[in-house]
Amino acid sequence: MINVFGSKVGAEEIAQITESINNQWMGIGPKVKEFEEKFRDRLSLKNFALLDSGSNALYLACTVLNLPKGSEIIVPTFTWVSCAQAVLLAGHKPVLCDVDINTMNITVETVTPHITEKTGAIMVVHYAGLPVDLDPIIALGYPVIEDAAHAVDSWYRGKACGTIGTVGIYSFDAVKNLAVGEGGGITSQNQEIFDHAKILRYCGIGKSGFEASKHGKKRWWEYNIISQFIKMNPSDISAGIGLAQLSKLDDMQNYRKQIWDIYQAAFKGYDWIKTPEEALPGDKHSYFTYAIRVPKRDELAHYLFDNEIYSTLRYHPLHLNKLYEQLDTKLPNAEQLNEDALSIPLHPNLKMSEVEYIIEKIKSFYL
Ligand SMILES: Cc1ncc(COP(=O)(O)O)c(C=O)c1O
């Protein structure tokens, strides 16, 4: 079966893990620090903390904004479940909004009708790695949580996605552009917010060891708990994999773009396939996923499956799920995407012969 998502891991990742094992150090340690510094520099971030998942990064982001409990946070309905779950976990209310049918991203037009006196923040998701047009959303004047889970190496007007809003998050799960198995991260242009996030990451412990203990070196085992929070620590094992992935990120990104360009060229002129939008000139796409819109989508997905090609839809709109059914909510674009959008394989482990085969099968289905 040709997988829809995948990662490229091998000798470099094994070498990193072996080093950690040989050092007898698997938890948070030197490799986490090294990854944080290298990732920060690669994307020109002001700061960066590695976490155990992008989902937890979202929960942390919703927490560090310090909004009054019960605030409304506007979230696109066409996104991964963690976006809304994080809002609830932080004691707030997700208010779901629609996305643009072409970019599949939220826009100032889809956000504005949902603004109320209780609005506390807006969460944007750079869907598939296509940068959201953020400037008009930021101009609304609310804190912005930037979900760059798909957007490692997406750029908007010269800035890395994740650095434009108030707080930005990344995901490094097994299928993301930079994959460590399970992992995520957080950054903020506001150093105070970032410092708070870093304290919360480890059960709300402010400082550990010598620094924290009021007895100084006499009782170096004492720490100083300053907030109530859960543990979101990353491990040196995942950070090591991240270091290996980082060293080949450019190659993997170029390969993703090559596949993307082949799909774009192959489907040009086929009216029944709506191909995904390109980034605007000056911006940069991360090519996380290639989502087409087609008639008879379900039949195509089954036909591909029968031909050993896996495809999927990211995402089942949140407002169509039991927990998030909102009375009278109609979000027609997301509902349309739920009927006709399909992600086809795009990942750094996909062979070019498989790309050709996928194209041939999609075209033959409509003959
Ligand atoms: C848009 C988006 N946000 C957040 C997440 C959560 O990331 P993680 O899987 O690292 O928890 C995902 C995961 O797929 C995602 O797609």
Residue selected from region 343-367 under the condition modelled with pLDDT of 95 or more and in a loop (DSSP other than H, G, I, E, B), by the criterion nearest to residue 311 (Cα to Cα):
345
Report yes if some residue within region 7-28 is outside any helix (DSSP H, G or I), modelled with pLDDT of 95 or more, farther than 19 Å from residue 193 by Cα and within 15 Å of the ligand (Cβ to nearest atom); otherwise report no.
yes
Can you name the residue in region 304-319 that is within 21 Å of the chain's Cα centre (by Cα) and in a helix (DSSP H, G or I) and, of all such residues, is surrounded by the fewest Cβ atoms within 10 Å (Cβ to Cβ)?
319
Tell me yes or no: at least one residue of region 248-262 is acidic (Asp, Glu) and under 20 Å from residue 179 (Cα atoms).
yes
Can we say residue 43 is away from the ligand (no atom under 16 Å from the Cβ), touching a Cys at 6+ places or on another chain (Cβ under 9 Å) and at negative phi?
yes
Could you tell me whether region 76-88 includes any residue that is touching a Ser or Thr at 6+ places or on another chain (Cβ under 7 Å) and either away from the ligand (no atom under 12 Å from the Cβ) or farther than 18 Å from residue 317 by Cα (or both)?
no
Say we look at region 181-200 and pick out the residues that are at pLDDT 95 or above and of a type in the set (A, V, I, L, M); which of these is farthest from the ligand (Cβ to nearest atom)?
193
Among the residues that make up region 36-46, is at least one of them among the aliphatic types (A, V, I, L, M), under 18 Å from the mean Cα position of the chain (by Cα) and under 27 Å from residue 253 (Cβ atoms)?
yes
Could you say whether any residue in region 134-141 is buried (at least 24 other Cβ atoms within 10 Å of the Cβ), more than 18 Å from residue 242 (Cα to Cα) and out of contact with any helix residue (DSSP H, G or I) (no Cβ under 6 Å at 6 or more places or on another chain)?
no
Picked from region 35-74 (must be hydroxyl-bearing (Ser, Thr, Tyr) and assigned to a helix (DSSP H, G or I)), the residue farthest from residue 232 (Cα to Cα) is 63
Residue count, region 132-180 (criterion: more than 12 Å from the ligand (Cβ to nearest atom) and more than 30 Å from residue 3 (Cα to Cα))
20
Any hit, region 99-122, residues being within 16 Å of the ligand (Cβ to nearest atom), over 13 Å from the mean Cα position of the chain (by Cα) and on the phi > 0 side of the Ramachandran plot:
yes
May I ask you to verify whether residue 116 is surrounded by fewer than 18 Cβ atoms within 10 Å (Cβ to Cβ), hydroxyl-bearing (Ser, Thr, Tyr) and farther than 18 Å from residue 260 by Cβ?
yes
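The values are calculated or read from the model by the stated rules, or taken from the named source; none is laboratory data. Model, not experiment: these values are computed from the prediction. Cβ coordinates were reconstructed from backbone atoms using ideal geometry, including for glycine residues, and neighbour counts include every protein chain displayed.
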